[in-house]
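Chemist: To start, I am sharing the structure in question, which I have written as structure tokens.
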Amino acid sequence: SQKIEQNSEALNIQEGKTATLTCNYTNYSPAYLQWYRQDPGRGPVFLLLIRENEKEKRKERLKVTFDTTLKQSLFHITASQPADSATYLCALPTDSWGKFQFGAGTQVVVTP
Amino acid sequence: EAGVVQSPRYKIIEKKQPVAFWCNPISGHNTLYWYRQNLGQGPELLIRYENEEAVDDSQLPKDRFSAERLKGVDSTLKIQPAELGDSAVYLCASSLGSQETQYFGPGTRLLVL
């Protein structure tokens, strides 16, 4: 069956450092992968989409890589700030018609 | 532009009672999703609409859950009767079309006692 794994343990990081999150998947061949941010009491907010033919995508202090051989995506937050504290979810399409499966998410805590 | 609106934000009911959630998607968004999110988990799809048609309801527990999207705009998700295990956050999302970026509402937090 299709499975998505994200680090279940919270990532505690000092302000200014780079946070790196992983998203591993099995039994998928996704054409693209998405990353979302979720704050407590709120719905997820879309951050980045990376396609299978793109090795890397950047948006401001965010960087995403996508390795279809390893079946893994890495999500980096550079120069992290306390405002980056949230849960980050990866999502993969499970069909060609808009069905997505989400990972459980990794909580990031950035301390001053 | 207003985002996805959901109501109520919180609901506490006793088991076996009915409950309904309402979602108003972003104007012009044809695709509407209902997800359920348990604590510490990612959202799980319950049903997806393309306009007024439910195109994927394979994960909707049809014995107690029902949904409708009249006129292809607002949508309502109903649970009757509710069970203790239904306690979760129910999220509505919309997108311009399938495979487009999803915009989520704040969710309805349901507690079944």
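The values are calculated or read from the model by the stated rules, or taken from the named source; none is laboratory data. What you are looking at is a predicted structure, and each value in this text was computed from that prediction instead of being measured. Neighbour counts are summed over all protein chains in view; Cβ atoms, including those assigned to glycine, are modelled from backbone coordinates with ideal geometry. Just the protein is used for accessible areas: all its heavy atoms, side chains included, with ligands, DNA and RNA removed. Shrake-Rupley method; radii C 1.70, N 1.55, O 1.52, S 1.80 Å.
Chemist: Only residues that are part of a strand (DSSP E or B) and among the aliphatic types (A, V, I, L, M): list them for segment B:70-113, please. Explain how you work it out, then say what you get.
Modeler: Going through segment B:70-113, the residues part of a strand (DSSP E or B) turn out to be B:75-79, B:88-95, B:103-104, B:108-112.
Matches in segment B:70-113: B:LEU77, B:ILE79, B:ALA88, B:VAL89, B:LEU91, B:ALA93, B:LEU110, B:LEU111, B:VAL112.
Chemist: Just to be sure, is A:ARG51 out of contact with any Phe, Trp or Tyr (no Cβ under 6 Å at 6 or more places or on another chain) and either open to solvent by less than 20 Å² (accessible area, probe 1.4 Å) or more than 11 Å from every other protein chain (Cβ to nearest Cβ) (or both)?
Modeler: Working: out of contact with any Phe, Trp or Tyr (no Cβ under 6 Å at 6 or more places or on another chain): no; either open to solvent by less than 20 Å² (accessible area, probe 1.4 Å) or more than 11 Å from every other protein chain (Cβ to nearest Cβ) (or both): yes.
No, not satisfied.
Chemist: Filter segment A:72-96 down to the residues that are more than 13 Å from the chain's Cα centre (by Cα) and closer than 19 Å to A:LYS3 by Cα, then identify the one that is modelled with the lowest pLDDT.
Modeler: A:SER96
For (1) farther than 30 Å from B:THR108 by Cα; (2) open to solvent by 50 Å² or more (accessible area, probe 1.4 Å), each residue gets a yes or a no:
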position: A:GLU15; (1), (2): yes, yes
position: A:TRP35; (1), (2): no, no
position: A:ASP39; (1), (2): no, no
position: A:VAL45; (1), (2): no, yes
position: A:LEU70; (1), (2): yes, yes
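Chemist: Sort out which residues of segment A:54-64 are surrounded by fewer than 16 Cβ atoms within 10 Å (Cβ to Cβ) and either more than 14 Å from every other protein chain (Cβ to nearest Cβ) or in a loop (DSSP other than H, G, I, E, B) (or both), and write them in order of number. So that I can check it myself, show each step before the final result.
Modeler: Quick first cut of segment A:54-64, residues surrounded by fewer than 16 Cβ atoms within 10 Å (Cβ to Cβ) only: A:54-56, A:58-61.
Matches in segment A:54-64: A:GLU54, A:LYS55, A:GLU56, A:ARG58, A:GLU60, A:ARG61.
Chemist: With respect to B:GLU50, is the statement that it is open to solvent by less than 70 Å² (accessible area, probe 1.4 Å) and not basic (Lys, Arg) true? Give the steps one after another, and end with the answer.
Modeler: On the way: open to solvent by less than 70 Å² (accessible area, probe 1.4 Å): yes; not basic (Lys, Arg): yes.
It is true that B:GLU50 is open to solvent by less than 70 Å² (accessible area, probe 1.4 Å) and not basic (Lys, Arg).
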